[in-house]
Each structure stands twice: as C-alpha cells, then as structure tokens.
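The values are calculated or read from the model by the stated rules, or taken from the named source; none is laboratory data. No experiment lies behind these values; they were computed from the predicted model shown. Cβ placement follows ideal geometry from the backbone for every residue including glycine, while neighbour counts extend to all protein chains displayed.
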Amino acid sequence: MRTPDYTELDRLFARWQRRYPFTAFIRDGIVDPARYDSPHILFILRDKNQDTPGDLCYDLREYGSGWKTWNNVGRWAKALLDKNGEYPRNMSTEKRIEQLTRIAVLNLKKEGGGPRTIGAELEQAVQEQQQEIREEIRLLAPDLILCCGLPAAGMPANAELLQRYIFPDEMLKIGQITSHIPGRAWPYYLLTLSGRSIPVVSFCHPQVTVLSRRRGHQELFIPLYEDMLDIGRKFLSHS
C-alpha cells in the first residue's frame, strides 16, 4: 500500500486553480484523511452540480452531500470495505457520512456544472487537464478504482475517458464481471501506475434509477450492491 501525500495534493490543487480559468473550481480527493485506511478505494465521477467554488470532501464529511448520488456510493463503499452481505436499505445522513469518509472521490471535470453533464465539456476538460488528473490519481494511491458512469448520449464511459486521455499506454482492458442484473457485465482494466497494478472497474453512475428495465431496491439497487460485493471479493481479497 502506498501512503498518500497530503501536502502534495494541496499543492496540486493550488496549481490546478492557477493554470485554468475556473469560475467554480470544486476540490475533491480524500474525504477524511483520518479514515482513509487500507484498502484505498477511489470513486471517479463526472462533475458536481454546483455553480460556485467549493470543496466536495468538506460537503461529504459534514453533510453527506446530496442523497441522489451519494446514497449508492455509500452503499457501494460499505460493500467493498466491510465485505458485508446485508444490503443497507436505510441510508440516513449519518450512515451516509460514516461510509463516505472512508473513501476518495474524483470528478473528471473540476469546474462545477449543472444537473446534467455536458459530454463535450467533460471530454474537453479531461483532454486539457490530463496531466493534473493523472497526478491526482497517483497521489491518492488507490488500491481499486470505480469509474461510475457508462456511455450515454454520445458521451464515453468514465473508464474510456481515463484510458483514452489519461493512461493510454498504462491501462489495459482485461475482462468483465458478470452482473446480478441479467444481461449486464462490468468491464475491468488493469492500470500500471507507480510500479503497482491497480484494478479499474467501469460501473454505472450512482444516480441510476433504471437499468435493463429494472428499478427500485429489489430489482436494481440490491443486485448492484451484490455486484459490488463480487468486485470486492475479486480485487480486494488480500487487503
């Protein structure tokens, strides 16, 4: 396990803000350094629905941020870190904060956006800021990366953006994990970074409400939780 360098993360974010003309830079990273224990789990999302500067990690520590995205991220973090088979249907603010303070989060687009991600803006940000994104991932020292965002409306999956622009030579597609939702599978890659091999899984966005015509806890959210348990067993069994 590699220990994150928190001082270097601060310096990176300072350089990032100076280099680009942000009006609403949203800082992210390790939610709570005191609880970022091994294994290190990194969730990669797209952008934040916010038009003023902010600190996503502060919002997650203090408020659990918005439930629409973070309820499921909290559930998935619990599945990976606790390896607990019981699905947590009730994700109160307190329970959400308890799980979210154990992980790291990274938005590919640091400029705050609207309720829907604009694909062209996202892809442009990843292209322009690839060096900074790469450095942030290195400093976060993840043991497992979950890229939460599938192809939609002509927008590539988050994992595809990562492979295409950030790690074109170091990230190889290896296989897929069969989902508990019939007809679904989650592609996974191996990323070679700082002398380590890091699994990267392409997963759905946590705000998903319908997938393969399934919706609700019983048909959708419980199978996704079971998928995350499978991912943990496959990639974190020695952690």
Original post:
Failed condition for residue 196, given (1) without any contact (Cβ under 8 Å) to a residue 24 or more places away in the chain; (2) farther than 20 Å from residue 72 by Cβ; (3) among the basic types (Lys, Arg), with all others met?
Top reply: (1)
Original post:
Do we find a residue being under 19 Å from residue 129 (Cβ atoms), within 19 Å of the chain's Cα centre (by Cα) and of a type in the set (A, V, I, L, M, F, W, C) anywhere in the stretch 204-221?
Top reply: no
Original post:
From the list 176, 127, which one is of a type outside the set (A, V, I, L, M, F, W, C), more than 27 Å from residue 233 (Cβ to Cβ) and surrounded by fewer than 14 Cβ atoms within 10 Å (Cβ to Cβ)?
Top reply: 127
**OP:** Determine if the stretch 33-47 includes at least one residue that is at pLDDT below 95, farther than 17 Å from residue 145 by Cβ and crowded, with 17+ Cβ neighbours inside 10 Å.
**Re:** yes
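Taking residue 92 as the residue in question, decide whether it is modelled with pLDDT under 95 and crowded, with 21+ Cβ neighbours inside 10 Å.
Numbers: modelled with pLDDT under 95: yes; crowded, with 21+ Cβ neighbours inside 10 Å: no.
No, not satisfied.
Is one or more of the residues making up the stretch 137-146 more than 18 Å from the chain's Cα centre (by Cα) and touching a residue at least 24 places away in the same chain (Cβ under 8 Å)?
The initial filter retains those residues of the stretch 137-146 that are more than 18 Å from the chain's Cα centre (by Cα), namely none.
So far as the stretch 137-146 goes, no, none of its residues is more than 18 Å from the chain's Cα centre (by Cα) and touching a residue at least 24 places away in the same chain (Cβ under 8 Å).
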**OP:** Pull up the stretch 130-151, narrow it to residues that are farther than 20 Å from residue 68 by Cβ and aliphatic (A, V, I, L, M), then point me to the one that is surrounded by the most Cβ atoms within 10 Å (Cβ to Cβ).
**Re:** 145
Subject >> Odd one out for residue 64 among (1) under 17 Å from residue 137 (Cα atoms); (2) surrounded by 13 or more Cβ atoms within 10 Å (Cβ to Cβ) >> reply: (1)
